[in-house]
Amino acid sequence: MVISIASDHAGYELRQAIVSHLEQKGHQVLDRGALSSKEPYSYVQAGRLVAKDLSEGSAERGIAICGTGIGISIVCNKKRGIRCALCLNECMARLARQHNDANILAMGARVVGVSLAESMVDTFLSETFDGGRHRERVDDIE
Ligand code: RB5
């Protein structure tokens, strides 16, 4: 699967860990955003990059990381067709796919550890949309 991932400076280190994790699993990764954790890089710019990859069809799923995940998820959700879910645990990552057909997973590097983040990513990428009663609601968002 082609995955776009972007972060600001606060999410840089977690993003590096997630990129390695995704590559080990055989995914193709579009790695976007901050070039280090030292230089400030706006979550607004990072969010726009991952949202653009999704909306242009360059990636099938996205991962967006900032300090809390809040700012970057707000930015991603400004773009039509993006359903970005800020998740704190595997249950949220699973339901974001099953009920909301979320296409971007947002996480906070200051909120979750690497191991939990990897588990959320795996869940988010493997789960599918349930459709049915959830389809009408998701369509209604647009
Ligand atoms: C950067 O310090 C921080 O504000 C940002 O990563 C994020 O948490 C914003 O929502």
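The values are calculated or read from the model by the stated rules, or taken from the named source; none is laboratory data. On a predicted model such as this, the values are computed, not experimentally measured, just so you know. Cβ atoms come from the backbone with ideal geometry, glycine included; neighbour counts cover every protein chain shown. Accessible surface areas use protein heavy atoms only, side chains included; no ligands, DNA or RNA. Shrake-Rupley method; radii C 1.70, N 1.55, O 1.52, S 1.80 Å.
Normalised radius of gyration (Cα atoms, divided by 2.2 N^0.38 Å) for the chain: 0.95.
Applied to the range 114-119, the Karplus parametrisation 6.51 cos²θ - 1.76 cosθ + 1.60 on θ = phi - 60° returns per-residue 3J(HN,Hα) values of 4, 4, 5, 4, 4, 5 Hz, with x for Gly and Pro.
Bridgeable lysines around K38 (alpha carbons under 27 Å apart, same-chain partners fewer than 8 residues away excluded): K52.
Mean silhouette area of the range 16-94, derived from the convex hull of its C-alpha atoms and averaged over all directions, reads 5.5 nm². Per residue, the accessible area of the range 1-135 comes to 47 Å², computed with a 1.4 Å probe over protein heavy atoms only. Straight-distance candidates among the aspartates and glutamates for linking to K78, with alpha-carbon spacing under 13 Å and chain neighbours fewer than 8 residues away dropped: E142. Going by alpha carbons, how many degrees (0 to 90, nearest 10) lie between the helix axis of 12-24 and the longest principal axis of the chain? Once rounded, one gets 60 degrees.
With each run of n ≥ 4 DSSP H residues scored as -39500 (n - 2.57), what mean residue ellipticity at 222 nm is computed for the chain after dividing by its residue count and rounding to the nearest 500 deg cm²/dmol? Working shown, then result.
Numbers: 6 runs with 64 residues, N = 142.
It comes out at -13500 deg cm²/dmol, rounded to the nearest 500.
Each Lys and Arg contributes +1 and each Asp and Glu -1, all at the Cβ; summed about the Cα centre of the chain, the dipole is approximately 300 debye. For V2 and S42, FRET efficiency with R0 = 25 Å and r from the beta-carbon atoms, rounded to 0.05? Step by step, r from the Cβ atoms, then E = 0.55.
Taking trypsin sites (Lys or Arg not before Pro) that fall in a DSSP loop and have at most 10 other Cβ atoms within 10 Å as cut points, what is the longest piece of the chain between them?
Working: sites that count: K38, R80.
Counting at most 10 other Cβ atoms within 10 Å as exposed, the longest clean stretch of the chain is 81-142.
For D140, project a label point 7 Å along Cα to C-beta. Then give me every residue of the range 65-106 with its amide nitrogen under 14 Å of that point. Within reach of a label on D140: 100.
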